[in-house]
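Here, each number is a calculation from the coordinates, and none is a lab measurement. Keep in mind the model is a prediction, meaning the values are calculated, not measured. Here the Cβ positions follow ideal geometry from the backbone for every residue, glycine too, while neighbour counts run over all protein chains shown.
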Amino acid sequence: MGASSRLSPWTAHCHISRSFWAGRPCWSVAPMVATQPTPSRVLPFEAIPRSGHNAWLNLYHFWRTNSFQNLHYIMQKNFQRLGPIYRETVGTHDSVNVMLPRDAAQLFQSEGIYPRRMGIDAWIAHRLLRNHKCGVFLMNGEEWRADRLILNKEVINPAGTLKFLPFLNTVAEDFVDFMHRRVRKNTRRLLTIDLRHDLFRFTLEASSYALYGERLGLLEESPSPESLHFIHAVETMLRTTLPLLFIPPGVMRWANHKLWQDHMDAWDSIFKHADKCIQNIYQEFCLGKPRKYSGIMAELLLHAELPLDSIKANMTEFTAGSVDTTAMPLLFTLFELARNPHVQTAIREEIKAAEAHGPKELSKLLNSLPLLKAAIKETLRLYPVGITVQRYPTQDMVIQNYCVPAGTLCQVGLYAMGRSPEIFSDPELYSPQRWLSKGDHSFRALGFGFGVRQCIGRRLAEAEMTLFLFHLLRNFKIDTVSKADIKTVFGFILMPEKPPLLTFRPVD
């Protein structure tokens, strides 16, 4: 849709007024009224407020002050200082940043049938140097659309997602058993731990089982060296990605060869794991055993709608995008439930009510837990995995009365949006019930993006988190000593600077 879409009157007649109260900048959205304000002159792209003017000085400042870890806080302050739209130029990165839901909706209307997102040059460079195909996360255009439509059948469409739910449920049950074993070793019948590494193991175990149809054994007492090597490779790949985001790969290979080599080696290990799983699946096919569901990759290989190298490329990207991106929301959710015991109790009562009617199919069980699902959505509002959603509009646009040319990188600031009192009442309050109330929630829950380019692993992640919390909350009460807010850092994804200590007590 173009500028004449149904959103254009809203965009044209809503305006932002700046004011300064109590010494800090804020802005308020003018309410929609029957009378129309006098239209103002559209301002040129160059008039958009800017955060710094020299791209390379900005990059130097970011490196010198280690500001990359605080990008979400910096964006939030920039919106407060400059208003709901501003330009950012850091090294080779040049973007227009917005934060209001209606501006996100306008980007959705202008993304076209081949939506583009910001690529990760280091990942693409690895594929080129190793002669690997790119998956849908890194592709654009017709090739992206063709692959995405095929993958949707197995990972987005309901018929496909139903197949891997038992795999996720099995791993969630195993994690609860894993926790019970640890509790039994404590004479006080409780466990106080930093759960981050255990959550990383759970999400890698669950996603790998759903993707490849194989268990890694990460929840066992002594995981195999091969599994530990794989989890180390995924951790290294994620850790080394952030420093490579803003500097061309060729420069980084010269400036910090070890960092670059670590990144390459990590991806090589992830691809080798996919190769091994493909060989195992083909062996199962050759043995002629009775056909049963063996994971997402096996279905793709069986249907043969994608070339083998495309299947492998997409499975490795799924692996990269399904571990910390699920583990961190789970950690933040557990922390918020621990310091909001009334919400935890309400969800546990919901779980009891869902179980009172006897055993259910997993899909029906998930649909009977609206408050639990709302808790996950509320966590992603306060702690979005990715702090922005990116799009390149296919046509010239007018956003906040500024002309934005087609092809401009536009970013929706999710962290700033979720913390804005202009968009959410009591934004710092953890209140899952806000998502169950009537009202306009459109383009306010963008943790998985929007449109046809929303996160392809969305259904996998949502089911994994819901089943995990379902089993954990029905077995354990969760508490934390510290009720203070968590300071977060951006390390390619949003994570706690210091993971909270959580206490688990078995439910009587």
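See the values below:
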{"quantity": "Order by protection proxy (mean Cβ within 10 Å, highest first), peptides 80-91, 398-409", "calculated": "80-91, 398-409"}
{"quantity": "Per-residue Cβ neighbour rank within 10 angstrom, fewest leading, Leu259, Leu244", "calculated": "Leu259, Leu244"}
{"quantity": "The chain: angle of helix 370-382 to the longest principal axis, Cα-based, in degrees nearest 10", "calculated": "50"}
{"quantity": "Gain upon complete extension [Arg50, Ile113; 0.36 nm per residue less C-alpha separation]", "calculated": "19.7 nm"}
{"quantity": "Cα-Cα pairs of the range 334-385 separated by more than 18 Å (percent)", "calculated": "36"}
{"quantity": "Angle in degrees between helix 71-82 and the longest Cα principal axis of the chain, rounded to the nearest 10", "calculated": "20"}
{"quantity": "Summed side-chain charge close to Ile48 - residues other than Ile48 whose Cβ falls under 11 Å, Lys, Arg +1, Asp, Glu -1", "calculated": "0"}
{"quantity": "Additional length obtainable on full extension of the chain from Asn140 to Ser363, 0.36 nm per residue less Cα span", "calculated": "77.0 nm"}
{"quantity": "Taking only Cα atoms of the range 372-508, radius of gyration then Dmax in Å", "calculated": "17.6, 61"}
{"quantity": "Ranking of Arg458, Arg381 by count of other Cβ atoms within 10 Å, fewest first", "calculated": "Arg458, Arg381"}
{"quantity": "Footprinting exposure proxy for Val234, Val389 (fewest neighbouring C-beta atoms within 10 Å first)", "calculated": "Val234, Val389"}
{"quantity": "Rounded to 5, percent antiparallel among DSSP beta bridges of the chain", "calculated": "85"}
{"quantity": "Calculated log₁₀ intensity ratio I(q)/I(0) where the Debye formula runs over C-alpha points of the range 268-394, q = 0.09, 0.15, 0.20 Å⁻¹", "calculated": "-0.46, -0.97, -1.08"}
{"quantity": "The chain: angle of helix 121-130 to the longest principal axis, Cα-based, in degrees nearest 10", "calculated": "50"}
{"quantity": "Gyration tensor (Cα) of the chain, equivalent ellipsoid semi-axes in angstrom", "calculated": "37, 29, 23"}
{"quantity": "Overall dimensions of the range 261-320 by Cα: Rg and Dmax, Å", "calculated": "12.6, 43"}
{"quantity": "Computed label-point distance, nm, for sites Glu428 and Gln283 using a 7 Å Cα→Cβ extension", "calculated": "5.7"}
{"quantity": "Cβ-placed point charges (K, R +1; D, E -1), dipole of the range 379-458 about Cα centre in debye, nearest 20", "calculated": "280"}
{"quantity": "The range 475-508 residues near the modelled Val183 label - backbone nitrogen below 18 Å, point 7 Å along Cα→Cβ", "calculated": "475-481, 501-508"}
{"quantity": "Cα shape, the range 450-508, gyration tensor, a/c 1.5 rule", "calculated": "oblate"}
{"quantity": "Computed helical MRE - 222 nm, the chain, DSSP H runs ≥ 4 contributing -39500 (n - 2.57), nearest 500", "calculated": "-16500 deg cm²/dmol"}
{"quantity": "Additional length obtainable on full extension of the chain from Arg474 to Asp194, 0.36 nm per residue less Cα span", "calculated": "98.8 nm"}
{"quantity": "For the range 99-241, Kirkwood radius (reciprocal of mean inverse C-alpha pair distance, Å)", "calculated": "18.7"}
{"quantity": "Hz values of 3J(HN,Hα) by residue in the range 47-52 - Karplus curve (6.51, -1.76, 1.60), Gly and Pro given as x", "calculated": "7, 4, x, 10, 9, x"}
{"quantity": "Restraint check, Lys77/Lys487; Lys377/Lys487; Lys352/Lys487, Cα-Cα greater than 22 Å", "calculated": "Lys352/Lys487"}
{"quantity": "The range 220-263: radius of gyration and largest Cα-Cα distance (Dmax), Å", "calculated": "13.6, 43"}
{"quantity": "Approximate spin-label separation Arg458-Asp485, in nm, with each point projected 7 Å along Cα-to-Cβ", "calculated": "2.8"}
{"quantity": "Net charge of Cβ neighbours under 15 Å - reference Thr466; Lys, Arg +1; Asp, Glu -1", "calculated": "+1"}
{"quantity": "Lysines with Cα under 22 Å of Lys312, excluding same-chain neighbours fewer than 8 positions away", "calculated": "Lys133, Lys153, Lys163, Lys272, Lys276, Lys292"}
